[in-house]
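The values are calculated or read from the model by the stated rules, or taken from the named source; none is laboratory data. Because the structure is a prediction, the values reported are computed rather than measured. Methodologically, a virtual Cβ is constructed for each residue, glycine included, from the backbone with ideal geometry; neighbour enumeration extends over all protein chains shown. Ligands, DNA and RNA are excluded from the accessible area calculation, which covers all protein heavy atoms including side chains. Shrake-Rupley method; radii C 1.70, N 1.55, O 1.52, S 1.80 Å.
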Amino acid sequence: MNSMYSEYERKLIAEKEYDNSLQVDNDIYIETRKSSIGTVRQVIENETGLKVYVVESPDHSEVSVLYEGSKAPFDEGWEVDWFENDIPMAHSILTGEKGTTSQLKASADILNDVLVSYPNAKVTVYGHSLGSMNAQYALANVRDISRISGAYIYQGPNTYPVLTEEQRQRVDAMKYRIHNYVDDKDMVPIGYPKNRMDSVGVVGIMHHVDSKQQIDFIYSQHLWGGYVFNEDGSLKIKNDRSSF
């Protein structure tokens, strides 16, 4: 996947993490492009509830890792996501306790495995909701930060408070390559510094989305429903845009 995607196209790519029809060797298409943007090389699932798509670009120069977010309540496997990952992580983030869950740890292992499996490719990371937390923690533990070309994470809680100092230094070293999008009208992105609009104490650069309020503020708001894009594909961001 090339580096010339708009913010709208990045969102479309991130949405593919929820496309359960995707299988190994499937080509991926988004509505703005006539040709495939990549091919699914791996679909990884394990007992922690983790699901990850590994997508290789047509020219083999880039591999994208898409971390799926939480399964909807009462969908198959939802209990593991919510009770063994979402709720424990919310507790840790709100209390500042160190430590993490098995799914986040598995996410870090997967990202490092991808670096080994595709030694000549740059790696881009995507994640939404729980997938955002998986991506944040994986980036905090990546062995070679020079291989990460970018990360695009959406509507996830802030894992920075639970990271060790070494992990914080690692994500801080990649700060301007990690784009952390948050719609403040959504209840899920917890743990971000209050009363300040900068990106200190956050994994990556925090982009405060200038969103529209959705009637279904619990579900639709969380699933990018309030995002508003300009004609050029850029996302509308609040004027007090975050900086480091």
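General observations
- In a DSSP loop and with at most 12 other Cβ atoms within 10 Å, there are no trypsin sites (Lys or Arg not before Pro) in the stretch 203-242.
- With θ taken as phi - 60° and the Karplus curve 6.51 cos²θ - 1.76 cosθ + 1.60 applied, the whole-hertz 3J(HN,Hα) list for the stretch 71-84 is 6, 5, x, 6, 6, 4, x, 5, 4, 5, 4, 7, 7, 9 Hz, x standing for glycine and proline.
- Cα centroid of the stretch 118-184 to Cα centroid of the stretch 18-68, whole Å: 18
- Whole-Hz Karplus values for the stretch 140-156 come out as 5, 10, 5, 7, 10, 5, 5, 7, 8, 7, x, 9, 9, 10, 9, 6, x Hz, taken residue by residue from phi with 6.51 cos²θ - 1.76 cosθ + 1.60 and θ = phi - 60°; glycine and proline positions read x.
- Karplus-derived HN-Hα couplings along the stretch 198-204 (A = 6.51, B = -1.76, C = 1.60, θ = phi - 60°), whole Hz, x at Gly and Pro: 8, 10, 6, x, 10, 6, x
- Surface exposure of the chain, expressed per residue as accessible area with a 1.4 Å probe, stands at 46 Å².
- Largest-first ordering by accessible area, 1.4 Å probe, given options HIS60, HIS222: HIS60, HIS222
- Taking all protein chains as shown and a probe of 1.4 angstrom, PHE217 keeps an accessible surface of around 90 Å².
- Sulfur and carbon atoms: percent of accessible area, the chain [1.4 Å]: 51
- In this structure, the pairs whose alpha-carbon distance is over 18 Å, taken from LYS11/LYS194; LYS11/LYS236; LYS185/LYS238; LYS16/LYS185; LYS51/LYS175; LYS16/LYS175, are LYS11/LYS194; LYS16/LYS185; LYS51/LYS175; LYS16/LYS175.
- Residue-level accessible surface for TYR118, protein heavy atoms, 1.4 Å, Å²: 40
- Against the rule of thumb 2.2 N^0.38 Å, how large the Cα Rg of the stretch 176-233 comes out: 1.17
- Evaluated on the stretch 138-214, the Kirkwood hydrodynamic radius is 12.9 Å, with distances taken between all distinct Cα atoms.
- The chain - Debye-derived log10 I(q)/I(0), Cα point model, q = 0.07, 0.14, 0.15 Å⁻¹: -0.20, -0.88, -1.03
- For GLN42, distant residues with modelled amide H under 5 Å away: VAL54
- The candidates HIS179, HIS128, HIS91, arranged from most to least accessible area with a 1.4 Å probe in the full protein assembly, appear as HIS91, HIS179, HIS128.
- Here, the stretch 1-105 is characterised by an Rg to Rh ratio of 1.04, where Rg is the alpha-carbon radius of gyration and Rh the Kirkwood radius.
- Here the Debye sum runs over all C-alpha atoms of the stretch 91-192 as equal scatterers in vacuum, and log10 of I(q)/I(0) at q = 0.13, 0.16 Å⁻¹ comes out as -0.42, -0.64.
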